[in-house]
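The values are calculated or read from the model by the stated rules, or taken from the named source; none is laboratory data. Quick caveat, the model's predicted, so the values are computed rather than measured. Ideal geometry is used to build each Cβ from the backbone, glycine not excepted, and the neighbour counts take in all protein chains shown. We work out accessible area using only protein heavy atoms, side chains counted, and drop any ligands, DNA or RNA first. Shrake-Rupley method; radii C 1.70, N 1.55, O 1.52, S 1.80 Å.
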Amino acid sequence: MTAPKLISTLNLFPVLEGKLIELLKTLNHDDWLRPTVAKQWTVKDVAAHLLDGNIKRLAVQRDGFFGLAAPPLDGYGSFIQFINRNNAEWVQAARRMSPRILIDLIESTSKQLYELFSQLDPLAPALWAVTWAGENQSANWFDIAREYTERWHHQQQIRMAVNRPGISGRQLYFPVLDTFMRGLPHAFRAAEARQGTIVRIDITGEAGGSWFLERLNSAWQLIEQAQTSEATLSMDQELAWRVFTKAVDQEAAAKDAVVSGDAPLALKALSLVAVLA
């Protein structure tokens, strides 16, 4: 049983970003102020957050400029507090920007970010680890894929808020789900099971698929395929992204998920959080 292959998302960035710019240019004044599932953020706030991600990446990763050093942190919780505070400060300041300025800056910096990512060796160590997957060091391809999921799910939040069709086709959405699933071993890290136990996660819909976890040597590992499983969880693709980005809590999601076999073990999949939160 082989481990899953790397996920290539680089060439999807221009397509996804093009859809975002096209969408933002159609919004009216009221649309920009609509609330989203991102807690206290409006549509304009989410768009500003996407711009913040572009600028931070370019400043630090391309230009080597660390303008805001993190204070001494006491564990992952302190790190998340630091990130949340920085995000909130940026969004507050960006409320001074007009939608036109915001769109122009997103469009410009997105192109620059794509150029930066295009120059990276996908197998080389990334500047930032994908911490929600439990990694202390990640390859560039995984860091880039993580960044792609950020842009996809925030655009999806905007589309939901303004009642526009979501991006649910396989080309653009399956890589998001596939990247999210790389966090499953970390989500299951405290789940005990006998050697060789298989957990199957099915996401239904056009962009869906099946993912398998196996208990090996006191740890959980993603594998490509398995003929049987001791625990299975299935849910629709429209629910999946909201669960893994904390737009829906585990208890609510469990009511809509279909479980067979070892239910407590299968439901552990709903604890996966594929964002910094």
Exercise. Within the range 199-224, how many residues turn out to be among the small types (Gly, Ala, Ser), over 19 Å from the mean Cα position of the chain (by Cα) and part of a strand (DSSP E or B)?
Worked result: 1
For this session: Go through the range 225-271 and count every residue that is open to solvent by less than 20 Å² (accessible area, probe 1.4 Å), in a loop (DSSP other than H, G, I, E, B) and more than 22 Å from Gln40 (Cα to Cα).
Result: 2
Seminar exercise, completed: Taking first residues from the range 161-177 that are among the small types (Gly, Ala, Ser) and second residues anywhere that are open to solvent by 50 Å² or more (accessible area, probe 1.4 Å) and modelled with pLDDT of 95 or more, the pairs with Cβ under 6 Å that are 6 or more apart or on different chains are Ala161/Arg34
Seminar exercise, completed: Checked Ile167, Ile144, Ile158 against criteria (of a type in the set (Val, Ile, Thr) and outside any helix (DSSP H, G or I)); the one match is Ile167
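To keep it simple, each residue is scored yes or no on (1) modelled with pLDDT of 95 or more; (2) within 26 Å of Arg182 (Cβ to Cβ).
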residue: Asn87; (1), (2): no, yes
residue: Gln92; (1), (2): yes, no
residue: Pro99; (1), (2): yes, no
residue: Glu107; (1), (2): yes, no
residue: Gln119; (1), (2): yes, yes
residue: Pro125; (1), (2): yes, yes
residue: Val130; (1), (2): yes, yes
Seminar exercise, completed: Subset of the range 143-161, residues open to solvent by less than 80 Å² (accessible area, probe 1.4 Å), within 17 Å of the chain's Cα centre (by Cα) and farther than 20 Å from Leu222 by Cβ, comes to Glu147, Glu150, Arg151, Trp152, His153, His154, Gln155, Gln156, Gln157, Ile158, Arg159
Exercise. Pick from the range 167-191 the residues that are small (Gly, Ala, Ser) and within 28 Å of Glu230 (Cα to Cα): which of them is most open to solvent (accessible area, probe 1.4 Å)?
Worked result: Ala190
For this session: From Arg194, Arg164, grab the single residue that is surrounded by fewer than 18 Cβ atoms within 10 Å (Cβ to Cβ) and under 17 Å from Lys19 (Cα atoms).
Result: Arg164
For this session: Kindly list the number of the only condition in (1) closer than 14 Å to Glu147 by Cβ; (2) not in a helix (DSSP H, G or I) that fails for Pro71.
Result: (1)
Seminar exercise, completed: For Asn140, the lone unmet condition from (1) free of Cβ contacts under 8 Å to residues at least 40 places away in the same chain; (2) surrounded by 17 or more Cβ atoms within 10 Å (Cβ to Cβ); (3) in contact with a strand residue (DSSP E or B) (Cβ under 7 Å, 6 or more places away or on another chain) is (3)
Exercise. So which residues in the range 74-101 are open to solvent by 60 Å² or more (accessible area, probe 1.4 Å), closer than 28 Å to His29 by Cβ and in a loop (DSSP other than H, G, I, E, B), if there are any at all?
Worked result: Arg95, Arg96
Problem set entry | Hits in the range 1-17 (condition: open to solvent by less than 80 Å² (accessible area, probe 1.4 Å), assigned to a loop (DSSP other than H, G, I, E, B) and either out of contact with any Phe, Trp or Tyr (no Cβ under 6 Å at 6 or more places or on another chain) or modelled with pLDDT under 95 (or both)) | Ala3, Pro4, Ile7
For this session: Filter the range 108-122 for residues that are among the polar types (S, T, N, Q) and either assigned to a helix (DSSP H, G or I) or within 18 Å of the chain's Cα centre (by Cα) (or both) and give the result.
Result: Ser108, Thr109, Ser110, Gln112, Ser118
Exercise. Do you know which residues across the range 38-64 are modelled with pLDDT of 95 or more, in a loop (DSSP other than H, G, I, E, B) and open to solvent by 60 Å² or more (accessible area, probe 1.4 Å)?
Worked result: Asp63
Exercise. Does the range 18-35 hold any residues that are open to solvent by less than 20 Å² (accessible area, probe 1.4 Å) and under 25 Å from Thr179 (Cα atoms), and which are they?
Worked result: Leu20, Ile21, Leu23
For this session: Report whether or not Arg215 is buried (at least 18 other Cβ atoms within 10 Å of the Cβ), free of Cβ contacts under 8 Å to residues at least 60 places away in the same chain, on the phi < 0 side of the Ramachandran plot and of a type in the set (Lys, Arg).
Result: yes
